[in-house]
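What follows is one structure encoded as C-alpha cells, with my remarks underneath.
The values are calculated or read from the model by the stated rules, or taken from the named source; none is laboratory data. Remember, it's a predicted structure, so these values are computed and weren't measured experimentally. So basically every Cβ, Gly included, is an ideal-geometry build from the backbone, and we count neighbours across all protein chains shown.
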Amino acid sequence: MKDALIRLSQAAALALLFTAAAQAAGGHDGHNMSSMAMPAATAPIGKPGDAARATRTINIDMNDAMRFTPDRIEVKAGETVRINVRNVGKIRHELVLGTDADLKAHYDMMMKDPGMRHEEANAVSLEAGKSGQIVWRFDKAGTVSFGCLEPGHYSAGMKGAVSVL
C-alpha cells in the first residue's frame, strides 16, 4: 500500500510538472495564448478586418526615441482600416492594439520574458528597417490604445491611441 501511494504521488507530481512546463511555454511565436489578456478579436477594441473592405490606409512610424508618429489617429465606428507600420529605428519595435489594462498587463509579462514575439492579428513586431501591416475593424466608439511592449519601450512612453468616433 505504501509503495502504491509513493508511486501515485510521484505520478501526480510528474503530471503537475508537465502541465506547468506546457503553460510556461505558452506565449508568442505560435504557441497557445488562449489564457493571455491579448486575444486577437476582443470586443472592446474591435476585430481583425478584411483587407478588401479597408476604407483607408494610415501610416505609422516607430522610432528609437520610443515614439510612434503619429501617436493619435481617428477612425469612424465600424470602419476597417489598413495600418501600415514602419520601424525607422535601429532596434526591434512593435505596435500592439488593446485596452490600456490589457497592454499594461501584457507589458508586465514581456518584462518577465523579453524573448516573446507577437503573431496576433492586433499586433505587428518588426526588426529595424522593416515594415508590416495590421488590418483592423474598429467596431465601437471609444478609445483603442496601442503601444510597443518590448521591454523598456512602453514605460518610456511608446504608446498612442485611436479615437473611434
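Which residue pairs have Cβ atoms under 7 Å apart, sit 6 or more places apart or on different chains, and have a first residue in the range 138-159 that is within 14 Å of N63 (Cα to Cα) and a second that is of a type in the set (S, T, Y) and part of a strand (DSSP E or B)?
Short answer, once both residue conditions are applied: K159/S145.
For the range 72-99, enumerate the residues that are closer than 20 Å to P151 by Cβ and of a type in the set (D, E).
E94
Taking G132 as meeting all but one of (1) over 13 Å from L103 (Cα atoms); (2) at pLDDT below 95, write down the number of the exception.
G132 satisfies every listed condition except (2).
In this structure, does M110 turn out to be of a type in the set (A, V, I, L, M), at pLDDT below 95 and either touching a His at 6+ places or on another chain (Cβ under 7 Å) or surrounded by fewer than 22 Cβ atoms within 10 Å (Cβ to Cβ) (or both)?
no
Would you check which residues across the range 115-127 are surrounded by fewer than 13 Cβ atoms within 10 Å (Cβ to Cβ) and touching a residue at least 12 places away in the same chain (Cβ under 8 Å) and list them?
E127
Say we look at the range 125-165 and pick out the residues that are hydroxyl-bearing (S, T, Y) and part of a loop (DSSP other than H, G, I, E, B); which of these is nearest to G49 (Cα to Cα)? Break it down into steps so the answer makes sense when it comes.
The initial filter retains those residues of the range 125-165 that are hydroxyl-bearing (S, T, Y), namely 125, 131, 143, 145, 154-155, 163.
Right, trim to part of a loop (DSSP other than H, G, I, E, B) and you get 154-155.
On the way: Y154: 25, S155: 29 Å.
If we take residues in the range 125-165 being hydroxyl-bearing (S, T, Y) and part of a loop (DSSP other than H, G, I, E, B), then Y154 is nearest to G49 (Cα to Cα).
Give the range 84-102 a look and list any residue that's out of contact with any Cys (no Cβ under 7 Å at 6 or more places or on another chain) and either buried (at least 23 other Cβ atoms within 10 Å of the Cβ) or over 28 Å from R56 (Cβ atoms) (or both), or say none.
Passing the criteria: V85, N87, K90, I91, V96, L97, G98, A101.
Taking into account only those residues within the range 56-75 that are surrounded by 14 or more Cβ atoms within 10 Å (Cβ to Cβ) and in contact with a Leu (Cβ under 9 Å, 6 or more places away or on another chain), which is farthest from A141 (Cα to Cα)?
M62
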